[in-house]
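What follows is a short report on a single structure.
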Amino acid sequence: MGLSRREFIKRTAALTAASYVGMNLPFTNEKTVHAADADSWHKGTCRLCGSGCRLELGVKNGRAVALRGIPESRTNKGYLCMKGMLFYKLMGNNHPERLKKPLYRARKDQPFKEISWDEALDIAAKEFAKAVKKYGNDSVAYYGSGQALTEETYIFQKVMRGGLQTNNVEGNPRLCMASAVGGYITSFGADEPIGSYTNFERASCFFIIGSNTAEAHPVLFRRIMRRKLDNRDRVKVINADPRVSPTSRIADLHLQFEPGTDLALLNAMAYVILEDKLYDEDFINNYAVFRMGKEKKQVDFKKYKEFIKDYTPEKAARTCGGNITPEKIRKAAHWFAKSEGTMSLWTMGINQRKRGVWANNLIHNLHILTGQLCKPGADSFSLTGQPNACGGVREGGGLCHILPAHRLVKKDKLRHEVERLWGIPEGRIPPKPGYHTVAMFEAVNQGKIKAIWINCTSPAQSLPNCDKYRKGMKREDVFMVVTDIFPTKTTELANLILPTAFIFEKTGVYGCTERRSQLTAKAVDAPGEAKPEVWMVREWALRLAKELKDPVIKKCVEPFLGKEPDYELPKAIWDEYTQKLTKGRDNDLRGATYEVLEKLPDGVQWPAPTKEWALKGGTDIKFVRGLDPLADKHAKNELPFQFYGPAHPDRKLWIWLRPQKGPEEMPDSQYPFYLSTGRIIDHWHTSSMTGRIKELMRANPYAYVEINPKDAEKLGIKPGDMVEVVSRRGRNVLPAKVYVGPCEGMVFVYWHDQDEDRMINRVTKDAFDPGSKEPEFKICACRIKKVSGPKPLTPFLVQLKA
Amino acid sequence: MPIGGFVINVDPERIEESLVRLKGLAGVEIHGSDSKGNVVAVLESATSEDMEKMVKDIMKIETVFSVGLTYFHAEDEVEKKEYRKK
Ligand code: SF4
């Protein structure tokens, strides 16, 4: 590279960064030839978490060569993290290990062989049709992903429900977001957060519980940090977590409670709010009711006060252990209630609990009691882990009990409405919800499911107690199709592997944490014969229609026939979904056409019933008259807030009486430690992608077990020693990281590692929340023991055995 | 040789000492800073792996709160990584 060109690129880099913070540099790059860095730039969304960071991909000679953030984007304001910086390495022909050809084997003990797409789709259709004919419609299933595009989830579930007449449609958001969904619906009457990221710049108190935001959502954390640093004295940050993490760095108060005592802590904060009269009586009178129990029985404020009496800060401090004192609880409650705007943030630490929905409810309770909602900076905001768990799976109908646009399967009226909109006969979609995730893989174990299509996720590694469920996936009488871009622990158990196009190699929409739908259009070609899923499903459905002699299956894909797969096809699917299915629903997206999305640097927040509204970016805060068009439309009185969510006919916010409940499995004399799991900044989920970026892999080549120094000393464990982590279900052997991260009595293991010895979901427990059916990944009991001194280890990733 | 444009956020009360530390790192060019603790920097390295290491080293400085990437160019590396059959 010539010096001048290199200098040019360096100046571009400096100018780009300077423009973000309004700094003037003594040089410009105007009048220089811009082609030096890329031929063309393409807007899109980062794929590696739920923040929805927008960026432009620079393409030169058909290859991805550069990235820059989009400063006008309301999600990331142009910033990216290291994962975001490197993910172009997986695109197009940039990575040699991408899956490029359909692969098939009749038996799982045979090697794979390459086949053509025609053969592959014929096989997939024949196997599904065979299962349906012989064992009935519920013997087939789809297991999808919060990383699939909305168009993909939508068309898969349409063919499964309308075509194959089964609600066995699930997805991995069950493992991460289901409790947040349950919490929003039972507390606010409608899924997804009320406010937006804009509250980061307006909040005066952040209550971060069960989220290592700094590592899991680094770009959003940057905004929180900026807010704190610019207003050091005015803005308070409370971090509540059994583990000290990089998020604690900016905290004014760290509440380190023992795992599984979160409900007591939250109720104790409510106790202080009542005792010290910090609640907002008008807000409660106007907008809230109190409820309890399975029957959702309405009770009065007095009853709630009696209930909360059991959670004095003194008693809760004893329950919570760790560093919790009554004074800390009081301080947290006062900051929370008295700030001009309090924003709570949480992720898996709250959701992946036996009582995850309750934990969500208790956070919402604090906001309802104090009126910390619907005003600037006030929000009860769950962060999503995947880029399209909200947009695709929660909104697009990707779970066994929901149809597109927040409709419940079991409601006849809503089901028939969907059938009508699809132009298929009434009664075609069965009234019974399908299997939820754990039940689905249990049904695979029992041989009740005979054919399953797993798309863009790796349950063989990501399910809790995964050995138990791998047994089922290994069965020769269970036919498994797996679509992915790389080999995974799950492709290892497949009969048919279908190579898919990656982001920027196909077109579609992701909906991020803040109800915002954002479009990424194709910019580079997929490698080899990899194809977009929407094309696969359409072609598969046509074959299924023939095999089963069922014209209704064809009817499901009829509007999409003849469309070119890279742009026209996903556009037609998006149009059907938004214009027909979301019309009149709370996530009305009719204004958010591809045409509108293309015009915006980021995207559109629903509700966005019209193009005019969508072009402004949509709805920043739901339920507020004057800010949310549906709040005006559905207004029933003069009050400024209108809680019109579909699940609460009384149009009220519900304050719940929920008692403390520990985890399913408590430490005991045999298994004396709590085991918790989570992520590290460089890796994402099962590391099938980040593990293949060598920079990220070398930075963290294997998982560790983090042990508190006091425990390590008692057990004679030194840094780097090989330590056995054993539960009632399985065993890992990992190197130790002795570190004041986890509290005493608790160990923490990263879950990305694919090595059999270090795959922690062999050890975790598959207990789940009875409401949301989300597993309790965050807590189980284990014992640990040093097995040897440090050992040289090699990183491991599944390779294709063709 | 990848090139990255970054905004590094340092503790606004300890800007000077942060700049000294940052300037001490090889491959880091500082283009400016402001009173809020925003530091505009260009990082240049032999491989993007080295870039990642540099970012990690910067994060280790205790007055640094975050490292935000705004622009990244790696064309040479992509060219080198062409996996041409034959
Ligand atoms: S924060 Fe998430 S979406 Fe943003 S660049 Fe990083 S991985 Fe991508």
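Given the conditions (1) facing chain A (nearest Cβ under 8 Å); (2) within 11 Å of the chain's Cα centre (by Cα); (3) modelled with pLDDT under 85, and given that B:Glu82 satisfies all but one, which numbered condition is not satisfied? The single condition B:Glu82 does not satisfy is (2). Among the candidates A:Gly391, A:Gly385, A:Gly377, which residue alone is touching a Cys at 6+ places or on another chain (Cβ under 6 Å) and either open to solvent by less than 10 Å² (accessible area, probe 1.4 Å) or in a helix (DSSP H, G or I) (or both)? Residue meeting the stated conditions: A:Gly385. Within the range A:609-629, one or more residues are closer than 30 Å to A:Glu295 by Cβ and crowded, with 21+ Cβ neighbours inside 10 Å. The C-beta contact set for the range A:598-615 (first residue of a type in the set (D, E, K, R), second residue outside any loop (DSSP other than H, G, I, E, B), distance under 7 angstrom, 6+ apart or interchain) comprises A:Glu598/A:Leu519; A:Lys599/A:Leu615; A:Asp602/A:Arg54; A:Asp602/A:Arg516; A:Asp602/A:Gln518; A:Lys611/A:Val596. Scanning the range A:529-560 for residues that are open to solvent by 60 Å² or more (accessible area, probe 1.4 Å) and outside any helix (DSSP H, G or I) gives A:Glu529, A:Lys531, A:Lys549.
Residue count for the range A:352-373, restricted to those that are assigned to a loop (DSSP other than H, G, I, E, B) and either within 16 Å of the ligand (Cβ to nearest atom) or open to solvent by less than 10 Å² (accessible area, probe 1.4 Å) (or both): 4.
Quick grid of which residues meet (1) closer than 30 Å to B:Met59 by Cβ; (2) open to solvent by 10 Å² or more (accessible area, probe 1.4 Å):
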{"site": "A:Gly720", "(1), (2)": "yes, yes"}
{"site": "A:Leu734", "(1), (2)": "yes, no"}
{"site": "A:Asp757", "(1), (2)": "yes, yes"}
{"site": "A:Arg762", "(1), (2)": "no, yes"}
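Screening B:Val28, B:Val10 for residues that are open to solvent by less than 40 Å² (accessible area, probe 1.4 Å), closer than 17 Å to A:Phe221 by Cβ and more than 9 Å from every other protein chain (Cβ to nearest Cβ) leaves exactly one candidate, B:Val10.
Kindly indicate which of A:Lys546, A:Lys563 is touching a residue at least 60 places away in the same chain (Cβ under 8 Å) and outside the structural domain of A:Gly52 (by TED's automatic domain parsing). A:Lys546 is the lone residue from the list that is touching a residue at least 60 places away in the same chain (Cβ under 8 Å) and outside the structural domain of A:Gly52 (by TED's automatic domain parsing).
Restricting attention to the range A:580-610, the residues being among the polar types (S, T, N, Q) and over 25 Å from the mean Cα position of the chain (by Cα) number 1. Just for the range A:684-695: of the residues that are within 10 Å of another protein chain (Cβ to nearest Cβ) and not in a loop (DSSP other than H, G, I, E, B), which one is least open to solvent (accessible area, probe 1.4 Å)? Filtering first and then ranking leaves A:Glu695.
Take A:Thr166 and tell me if it is open to solvent by 10 Å² or more (accessible area, probe 1.4 Å) and on the phi < 0 side of the Ramachandran plot. So A:Thr166 fails the test. One residue stands out in the range A:274-311 among those that are open to solvent by 80 Å² or more (accessible area, probe 1.4 Å) and part of a loop (DSSP other than H, G, I, E, B): the one that is farthest from A:Thr186 (Cα to Cα), namely A:Lys277. Listed conditions (1) touching a helix residue (DSSP H, G or I) at 6+ places or on another chain (Cβ under 9 Å); (2) open to solvent by 10 Å² or more (accessible area, probe 1.4 Å) are all met by A:Lys633, apart from (1). Looking at A:Glu127, A:Glu119, A:Glu192, A:Glu97, just one residue is open to solvent by 10 Å² or more (accessible area, probe 1.4 Å), farther than 19 Å from A:Met480 by Cα and either charged (D, E, K, R) or in the same structural domain as A:Gly423 (by TED's automatic domain parsing) (or both), and that residue is A:Glu97.
When A:Lys522, A:Lys474, A:Lys506 are checked against the criterion of being within 22 Å of A:Thr150 (Cβ to Cβ) and surrounded by fewer than 22 Cβ atoms within 10 Å (Cβ to Cβ), A:Lys522 stands alone in meeting it. Out of A:Leu369, A:Leu399, A:Leu408, one residue alone is touching a residue at least 60 places away in the same chain (Cβ under 8 Å) and within 24 Å of the chain's Cα centre (by Cα). It is A:Leu399.
Hey, can you tell me all the residues within the range A:150-165 that are under 23 Å from the mean Cα position of the chain (by Cα) and among the basic types (Lys, Arg)?
A:Lys158 - this is the single residue of the range A:150-165 that is under 23 Å from the mean Cα position of the chain (by Cα) and among the basic types (Lys, Arg).
Against the criterion of being of a type in the set (A, V, I, L, M) and either surrounded by fewer than 20 Cβ atoms within 10 Å (Cβ to Cβ) or outside the structural domain of A:Asn231 (by TED's automatic domain parsing) (or both), A:Ala203 does not qualify.
Taken across the range A:219-239, residues that are more than 14 Å from chain B (Cβ to nearest Cβ) and in contact with a Gly (Cβ under 9 Å, 6 or more places away or on another chain) do not occur at all. For the range A:481-503, how many residues are in a loop (DSSP other than H, G, I, E, B), touching a strand residue (DSSP E or B) at 6+ places or on another chain (Cβ under 7 Å) and surrounded by fewer than 24 Cβ atoms within 10 Å (Cβ to Cβ)? Going through the range A:481-503 one residue at a time, the tally reaches 1. When A:Gly434 is tested against (1) closer than 30 Å to A:Gly62 by Cβ; (2) in a loop (DSSP other than H, G, I, E, B), just one condition goes unmet, and that condition is (1). Somewhere in the range A:789-802, is a residue at positive phi and in contact (Cβ under 8 Å) with a residue 24 or more places away in the chain? No: zero hits. Could you tell me whether A:Arg698 is of a type in the set (Lys, Arg), part of a loop (DSSP other than H, G, I, E, B) and away from the ligand (no atom under 16 Å from the Cβ)? Judged against the criteria, A:Arg698 is not a match.
Residues checked against (1) open to solvent by 50 Å² or more (accessible area, probe 1.4 Å); (2) at pLDDT below 90:
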site	(1), (2)
B:Ile3	no, yes
B:Phe6	no, no
B:Lys23	yes, yes
B:Ser35	yes, yes
B:Val42	no, no
B:Glu52	no, yes
B:Thr70	no, yes
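The values are calculated or read from the model by the stated rules, or taken from the named source; none is laboratory data. Just so it is clear, the structure is predicted and the values come from calculations on it, not from any experiment. Note that we place each Cβ from the backbone using ideal geometry, even for glycine, and neighbour counts take in every protein chain shown. Note: accessible area is taken over every heavy atom of the protein model, side chains too, but ligands, DNA and RNA are not part of it. Shrake-Rupley method; radii C 1.70, N 1.55, O 1.52, S 1.80 Å.
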